[in-house]
Amino acid sequence: MNRLPAFTISQPQSVAEASEMLASLGDSGRLYAGGTELLATMKEGALLYDTLVDVKTVPGLADIRVQDGELWIGAAVTHFSIETSPIVRELLPVLSYVESRVANTRVRATGTLVGNLCFAEPHSDPATMLLCLDARVVAQSTRGERQLTIDEFFVGAYETALEEDEVVTSVVVPLPPANWRMAYKKFQIIERPTLGLGVVLELNDGGDSVATARAAVGCVSESPLRSSAAEAQLAGPLESLLERLDAAGDSLADEADLLDDREGSAEYKRHLIKVFLKRAVQQALQSDGPSR
Ligand SMILES: Cc1cc2nc3c(=O)[nH]c(=O)nc-3n(C[C@H](O)[C@H](O)[C@H](O)COP(=O)(O)OP(=O)(O)OC[C@H]3O[C@@H](n4cnc5c(N)ncnc54)[C@H](O)[C@@H]3O)c2cc1C
């Protein structure tokens, strides 16, 4: 059995201090939150760091709050805390649901949403739904703060747009108006999701037509993605929506540039996307408000 190599833990008391530590440590140091990815990877010997900088000791990063119509989730907030947060359950139940489906109880209790995003493992549930919800990632260093869309944040598999000394402090999610309907569906064969699929539908005033739609698929490419063609096909009268779903599913699958791998063939994944898009749309429309 592999042994975890020895390392030092540094405990910064501010984001600026954490950023300075990262800058001076360079390749020998790394930020650490729940450690569910990092420690496992170090144990396997795939990554080695002399020093881990514990983001959980920085005050102010463990909160979930609402500000100017947006949900702010701090970098030290675990999946479980998001899943069970009364604020999230009331204002953004779809995110509470997504979090309830991540991994297992042990990982959810320790692992953070921000750690999930920063590791950029392609099989991420929250990344897909956050893309669909137009969420942003807030990154801070001694040079200042910047916000990145989910699309900008993910550069590829296991790769983000973060600079070496940047600390993600929060994820920001705009809260949905009452006429939005949303759902997330996942399908899993092995340990991580095989497919994640999110939809957000904005209904018109009469409630009989989709004014605008968003659809995102994850886990089938290096990073989650949306398809403007699929979103255009989903918009339109509800009475003919079912007839448009097949084409929208194909558009989403085309955008994903599917590959054969251990999760299944490209053809199988195309089939899954079409089945789960239909299920997500049906579930979104069954609710009477922004739902899971
Ligand atoms: C058995 C297992 C099953 C899983 N199943 C699923 C699943 O079904 N769905 C799913 O979506 N995910 C799944 N995951 C992934 C899980 O969600 C992540 O392991 C967890 O969220 C990582 O969070 P962490 O706090 O432990 O991150 P850590 O392991 O502490 O860190 C991960 C990475 O993020 C970086 N980092 C952490 N915090 C910051 C920060 N504030 N700023 C910049 N960089 C930072 C670290 O440097 C490191 O590179 C699974 C994981 C395991 C181990």
With every protein chain left in place, what is the accessible area of Ile9 in Å² (1.4 Å probe, nearest 10)?
70 Å²
Where the only charges are on Cβ atoms (+1 Lys, Arg; -1 Asp, Glu), what is the dipole of the chain about its Cα centre, to the nearest 20 debye?
940 debye
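Any number yet on Rg/Rh for the chain, C-alpha, Kirkwood?
0.99
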Over what distance in Å are the Cα centres of region 89-168 and region 1-23 separated?
20 Å
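Under 8 Å for C-alpha pairs, at least 6 residues apart: give me the relative contact order for region 223-292, rounded to a whole percent.
Computed over region 223-292, the figure is 27 percent.
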Within the chain, what whole-number % of the accessible surface is contributed by carbon and sulfur, with the 1.4 Å probe and all protein chains included in the calculation?
48 percent
Could you compute Rg(Cα) / (2.2 N^0.38 Å) for region 8-57, with N its residue count?
1.08
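Normalising by the residue count of region 90-227, find the relative contact order in percent from Cα pairs under 8 Å and 6+ residues apart. Please report the intermediate quantities before stating the final value.
Numbers: 261 pairs, mean separation 36.8, N = 138.
About 27 percent, as a whole number.
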Ignoring ligands, DNA and RNA, what accessible area per residue does region 149-292 give at 1.4 Å, in Å²?
45 Å²
Per residue, how much accessible area does region 8-57 show when a 1.4 Å probe rolls over the protein heavy atoms, in square angstrom?
48 Å²
Given a cut-off of under 8 Å on Cα pairs at least six residues apart, what relative contact order in percent is computed for region 172-292?
30 percent
Order of exposure, largest accessible area first, which applies to Tyr268, Tyr97, Tyr158, Tyr184 with probe 1.4 Å:
Tyr158, Tyr268, Tyr97, Tyr184
List the lysines whose Cα sits under 17 Å from the Cα of Lys186, skipping any in the same chain fewer than 8 residues away.
Lys269, Lys274, Lys278
If you take every DSSP beta bridge fully contained in the chain, what fraction is antiparallel? Give it as a percent rounded to 5.
85 percent
Quick check: with the 1.4 Å probe, what order do Val98, Val155 take by accessible area, largest first?
Val155, Val98
Between Leu71 and residues 5 or more places away or on another chain, which pairs have amide H atoms under 5 Å apart, with H built 1.01 Å from N, and which residues are they?
Val173, Leu175
Measuring from centroid to centroid over Cα atoms, what is the spacing of region 169-229 and region 71-85 in Å?
19 Å
List the residue ranges in the chain for DSSP H helices whose C-alpha atoms run 18 angstrom or more along the long axis and whose Kyte-Doolittle average is -1.0 or above.
241-256, 266-286
Please report the net charge: other residues with Cβ closer than 14 Å to the Cβ of Ala103, K and R +1, D and E -1.
-1
Could you work out the pair-distance distribution P(r) of region 64-174 from its alpha-carbon pairs, with 5 angstrom bin width and percents rounded to whole numbers?
2, 13, 24, 27, 19, 11, 3, 0
Debye, to nearest 20: dipole size of region 8-57, +1 on Lys, Arg Cβ, -1 on Asp, Glu Cβ
120 debye
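The values are calculated or read from the model by the stated rules, or taken from the named source; none is laboratory data. This is a predicted model, so every value here is computed, not measured. Ideal geometry is used to build each Cβ from the backbone, glycine not excepted, and the neighbour counts take in all protein chains shown. These accessible areas exclude ligands, DNA and RNA; they are computed on the full protein's heavy atoms, side chains included. Shrake-Rupley method; radii C 1.70, N 1.55, O 1.52, S 1.80 Å.
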